[in-house]
Amino acid sequence: MYASREDIGYDFGDDSKVGSKPIKPNPNIDGGWAWMIVLSSFLVHILIMGSQMALGILNMEWLEEFNQSRGLTAWVSSLSMGITLIVGPFIGLFISMCGCRKTAIIGGILNALGWILSAYASNVHYLFLTFGVTAGVGSGMVYLPAVVMVGQYFQKRRALAQGLSTTGTGFGAFLMTALLKYLCTEFGWRNAMFIQGAISLNLCVCGALMRPLSSKDISEKYVVRSNSEDNQAKALSHSAETIKSNGVLSEEPEKKEEATNEEVLDSVQHIEMGGKSKSGRKMYGLRILKTVSQLTVTVRKGFAIWYSSYFGAASLFTNRVFMAFVIWALFAYSSFVIPFIHLPEIVKQYNLSSQNNIFPLTSIIAIVHIFGKVILGIISDLPCISTWNVFLMANFTLVTCILTLPLMQTYVSLAVVCALIGFSSGYFSLMPVVTEDLVGTEHLANAYGIIICANGISALLGPPFAGWIYDITHKYDFSFYISGLLYMVGIIFLLIQPCIQKKQPREKSTEEAQV
């Protein structure tokens with residue numbers, strides 16, 4: 001989904017042939033330029049996810065400026081966060097044609113444009129288009145390559161690398177909350193968004209750092225990792241084998257298509273050579289025809305890779321554990337997003353604004369979130385610890401905090417619960433690792449795109465739902481209770497499916513014994 005062979009390195013060859021040769025490791029795998037990729041991803045998380053986590057400041061400004069309901073106004077923030085993640089599978093089409101680097105640079109320009117245009121908003125519906133859609137799509141075009149590139153460059157320290165890069169969300173939420181609060185106070189929210197748009201242009205620099213690995217380097221990384229996968233959990237490796245055994249995309253149709261496309265280009269070049277004796281206007285027309293033909297070839301090849309990744313023989317949707325993971329993602333992310341959007345309003349209702357101004361609760365979540373990602377990443381990399389178990393324990397802690405948060409009405413108790421929310425939500429750094437364990441390295445981009453798309457749907461519907469519940473009951477309590485219960489349903493799906501996967505081989509073996 002996400003990239004061409006140069007970026008993702010789809011392996012169409014025989015793994016056994018590659019594994020029989022001595023492998024010389026690339027110095028950029030787990031080192032060298034890999035740490036520049038981590039830095040790039042870290043900055044992307046600061047500028048995109050951090051800014052989105054600080055939208056509660058702007059949400060209050062929009063409520064006062066446009067005097068609309070909380071449910072309608074919350075759609076601005078949720079559209080931006082949701083679209084950033086929902087466009088995951090579709091951004092892959094652009095990456096298949098242009099690569100991660102160019103896609104990220106274009107996305108940085110689009111994101112900055114969305115912020116700047118939003119400074120001239122005359123109503124909430126205008127913000128839906130400029131900030132929700134334009135800035136959201138731009139964010140998605142930068143965010144997805146940043147996450148996938150870290151997974152490509154690391155083999156031994158994947159969890160730690162993802163943890164370090166995604167700590168940018170916590171740093172960004174803390175920094176952007178303070179920055180937007182200062183800018184709104186000093187210059188007003190319109191000028192604040194204009195300045196933030198200028199800052200977002202740094203995303204283009206982050207995209208320029210995303211140097212793609214060659215397909216050879218990625219295939220070597222995959223072979224090395226496949227030799228050490230025996231130590232992984234059997235349930236996870238079984239699900240990965242299910243995906244791999246479904247078939248590999250055929251190479252012959254692609255070769256035929258490439259040959260046809262080359263014939264078209266050759267014919268255009270031949271016409272151009274023969275047209276040199278004619279007028280300059282005809283030559284110019286032939287050059288345009290050649291450019292259009294090359295663009296058509298690129299689009300067709302990119303679409304073929306994107307389409308076959310999702311609807312080809314190696315479909316991800318045949319993996320039961322992965323589908324349970326998708327269902328979990330549909331309910332999980334809204335429970336994390338709702339506090340960031342509505343906590344400023346909750347604090348105002350409890351008359352805790354003076355204490356919250358000294359140290360905002362959202363900043364507490366952001367700071368502890370940083371330590372949570374790093375610590376959970378380090379723990380998951382330990383040989384005696386299962387990443388899957390750490391992931392589940394963090395989810396249980398987070399859902400417990402979401403359900404108990406409405407019961408807390410003092411600043412200290414809210415601060416304690418917010419700290420636990422920040423630490424347990426550090427499992428976000430483990431999501432790419434768990435996804436790769438479930439489906440394998442070669443399907444990571446496609447699978448992670450589906451997961452964050454499901455997260456995007458959750459983020460899109462969560463905050464408006466909470467605002468709608470408040471408009472009816474004038475309380476946020478039921479919003480947290482309902483989102484927490486739905487989150488628990490998703491966790492139950494994660495617990496049930498691995499048990500089914502383990503039981504199936506045993507049932508088959510008993511049947512064969514009877515025969």
Could you give me the radius of gyration and the Dmax of segment 53-206, taking only the C-alpha atoms into account and expressing both in angstrom?
16.0, 52
Ranking request for peptides 50-56, 120-126: highest mean number of other beta-carbon atoms within 10 Å first, then the rest in descending order.
50-56, 120-126
How large is the Kirkwood hydrodynamic radius of segment 360-403, in angstrom, based on all distinct alpha carbon pairs?
11.5 Å
At a 10 angstrom cut-off on C-beta neighbours, averaged per residue, how do the peptides 489-496, 455-462 rank from highest to lowest?
455-462, 489-496
Between segment 397-412 and segment 33-98, how many Å separate their Cα centres?
25 Å
For segment 106-120, 3J(HN,Hα) per residue [Karplus equation, 6.51 cos²θ - 1.76 cosθ + 1.60, θ = phi - 60°, Hz, x = Gly/Pro]
4, x, x, 5, 5, 5, 4, 5, x, 4, 5, 5, 5, 5, 9
Evaluate the distance, in nm, between pseudo-label points positioned 7 Å from the Cα of ILE472 and of ALA198 along their respective Cα→Cβ axes.
4.5 nm
To the nearest whole percent, what portion of all C-alpha pairs in segment 311-505 is separated by more than 29 angstrom?
26 percent
The percentage of the accessible area of segment 134-190 (probe 1.4 Å, all protein chains present) made up of carbon and sulfur atoms, to the nearest whole number, is 65 percent
Once segment 69-136 is represented by equal point scatterers at the alpha-carbon sites, with solvent omitted, what log10 I(q)/I(0) does the Debye formula produce at q = 0.15, 0.22 Å⁻¹?
-0.51, -0.90
Expressed as a whole number of Å, what is the distance separating the alpha-carbon centroids of segment 319-357 and segment 141-172?
22 Å
Ranked output for segments 100-112, 139-151, 355-367 by mean other Cβ atoms within 10 Å, highest leading, reads 139-151, 100-112, 355-367
Using a 1.4 angstrom probe, figure out how much accessible area segment 311-505 has per residue, in square angstrom, rounded to the nearest whole.
36 Å²
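The values are calculated or read from the model by the stated rules, or taken from the named source; none is laboratory data. Here the structure is a predicted model, which is why all the values come from computation and not from measurement. Neighbour counts run over all protein chains shown; Cβ positions are idealised from the backbone, glycine included. Areas reflect the complete protein model, heavy atoms only, side chains present, ligands, DNA and RNA absent. Shrake-Rupley method; radii C 1.70, N 1.55, O 1.52, S 1.80 Å.
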